[in-house]
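Note sheet for the following structure.
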Amino acid sequence: MWYILIGIVVVFLACWFVHHQRSLKLRAHLMQEAIRNRDFTFRLPTNGLLPGERAMQQTLNQLGDVIRQQVNQNEVESWERLTRVLTHEMMNATAPITSISQSMLSRDDVKGTPLEPGIQAIYDTSRHLSDFVANYRKMSTLEKPVLTDVLLRPLLDDVCKAYPKLTWEISVPPHIEVHADAGMLRQVLMNLTKNAVEAEAKKIAIALIDERQPTGEGMSGITPSTSQLRLHFGNDGQPIPAENRQSLFVPFFTTKRSGSGIGLSLSRRMMIQQGGMLDLAQKPLPGCHAGFILTLDCKEY
């Protein structure tokens with residue numbers, strides 16, 4: 001009788017092993033497809049895995065975040081280098097045009113003549129280009145951040161006071177501290193709020209995402225004293241069209257007639273300078289139509 005039981009156990013283990021191997025193969029295929037499509041937000045579950053496999057899956061999930069942050073940082077640095085070149089060339093081209101056209105508008109033999117409207121148009125256009133160049137400069141002349149321990153909740157409350165007509169739902173404990181530049185972080189939050197208002201938002205929801213991961217953990221397994229905190233900034237404004245999601249952080253990309261298109265790209269660069277990141281949320285908070293994820297260094301609690 002005992003050999004029948006052993007046979008049943010062997011068959012069960014063999015079936016489980018085949019099923020488990022197929023599951024691992026499917027995981028590998030999903031991760032390969034995600035990387036091929038440059039989707040580094042993938043996070044596969046770790047349940048149903050053996051201890052070693054679970055540790056490997058957790059490492060791969062974290063590796064996706066590292067790759068995504070590195071790709072985004074390289075993209076920002078590339079835009080920054082391009083910005084410097086364009087700023088120099090455009091300023092050299094527009095400055096003389098603005099100066100000469102302004103000088104001609106003040107001449108008596110131009111005022112009130114048919115030449116005046118044309119010269120005025122040249123002057124106005126050159127001034128517009130100069131303003132455009134000024135926006136370029138904002139992308140390449142950020143001051144070096146001064147990182148300190150900043151209480152997050154008072155900073156959020158300060159932003160709330162600037163927009164009293166909005167309904168605010170903030171789920172952030174008062175003791176949470178982040179390692180950031182308070183001025184830069186406040187500017188990022190103000191930019192996100194301004195974008196939400198322009199998208200006709202009436203409510204802002206801010207919540208912590210319980211996915212804090214240790215930063216700087218090496219192969220030795222030593223856990224540092226800081227971790228990465230993720231802050232979800234959501235709003236109930238108009239949803240972001242799918243065709244615009246990939247270009248959202250590209251400098252000067254905008255769907256607004258009066259927009260400059262530097263708000264989100266500048267905000268991402270400020271977050272990167274603080275050792276963090278700004279991303280579009282894949283899934284908005286309940287009651288929201290759009291959201292962003294701010295990643296920041298914080299203390300362990």
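The values are calculated or read from the model by the stated rules, or taken from the named source; none is laboratory data. These numbers were taken from a predicted model, which means no experiment stands behind them. Positions of Cβ are backbone-derived with ideal geometry, glycine not excepted, and every protein chain shown enters the neighbour counts. Please note that ligands, DNA and RNA were not included when accessible areas were found on the heavy atoms of the full protein model with its side chains. Shrake-Rupley method; radii C 1.70, N 1.55, O 1.52, S 1.80 Å.
Pairs meeting the criteria (first residue in the stretch 108-129 and at negative phi, second residue among the charged types (D, E, K, R), beta carbons under 9 Å, at least 6 apart or on different chains) are Val110/Glu116; Leu115/Asp109. If only residues of the stretch 263-301 that are of a type in the set (S, T, N, Q) and open to solvent by less than 20 Å² (accessible area, probe 1.4 Å) are counted, the one that is farthest from the chain's Cα centre (by Cα) is Gln274.
Considering each residue of the stretch 119-135 in turn, none proves to be modelled with pLDDT of 90 or more, of a type in the set (Asp, Glu) and open to solvent by 80 Å² or more (accessible area, probe 1.4 Å).
Taking the listed residues Ile8, Ile35, the one that is open to solvent by 90 Å² or more (accessible area, probe 1.4 Å) and of a type in the set (Val, Ile, Thr) is Ile8, with no other qualifying. In a helix (DSSP H, G or I) and under 31 Å from the mean Cα position of the chain (by Cα) - does that describe any residue in the stretch 103-116? Within the stretch 103-116, not a single residue is in a helix (DSSP H, G or I) and under 31 Å from the mean Cα position of the chain (by Cα). Look at the stretch 263-292: where a residue is under 14 Å from Arg245 (Cα atoms) and a partner is of a type in the set (Asp, Glu) and surrounded by 19 or more Cβ atoms within 10 Å (Cβ to Cβ), sitting 6+ places away or on another chain with Cβ atoms under 9 Å, you get Pro284/Asp236; His289/Asp236; Ala290/Asp236; Phe292/Asp279. Total residues in the stretch 25-55 satisfying the condition of being within 21 Å of Asp65 (Cα to Cα), of a type outside the set (D, E, K, R) and part of a helix (DSSP H, G or I): the figure is 10. On inspection, Asn61 does not qualify as loosely packed, with under 11 Cβ neighbours inside 10 Å, closer than 30 Å to Asp279 by Cβ and out of contact with any strand residue (DSSP E or B) (no Cβ under 6 Å at 6 or more places or on another chain).
Within the stretch 263-296, the residues that satisfy the criterion of being closer than 29 Å to Arg81 by Cα, aliphatic (A, V, I, L, M) and not in a strand (DSSP E or B) are Leu264, Leu266, Met270, Met271, Ile272, Ala281. Scanning the stretch 156-185 for residues that are assigned to a helix (DSSP H, G or I) and either surrounded by fewer than 18 Cβ atoms within 10 Å (Cβ to Cβ) or polar (S, T, N, Q) (or both) turns up Asp157, Asp158, Cys160, Lys161, Ala162, Gly183.
Listed here are the residues, each with its yes/no results for (1) at pLDDT 65 or above; (2) open to solvent by 40 Å² or more (accessible area, probe 1.4 Å); (3) assigned to a loop (DSSP other than H, G, I, E, B).
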site: Ala201; (1), (2), (3): yes, no, yes
site: Leu229; (1), (2), (3): yes, no, no
site: His232; (1), (2), (3): yes, no, no
site: Leu248; (1), (2), (3): yes, no, yes
site: Ser260; (1), (2), (3): no, yes, yes
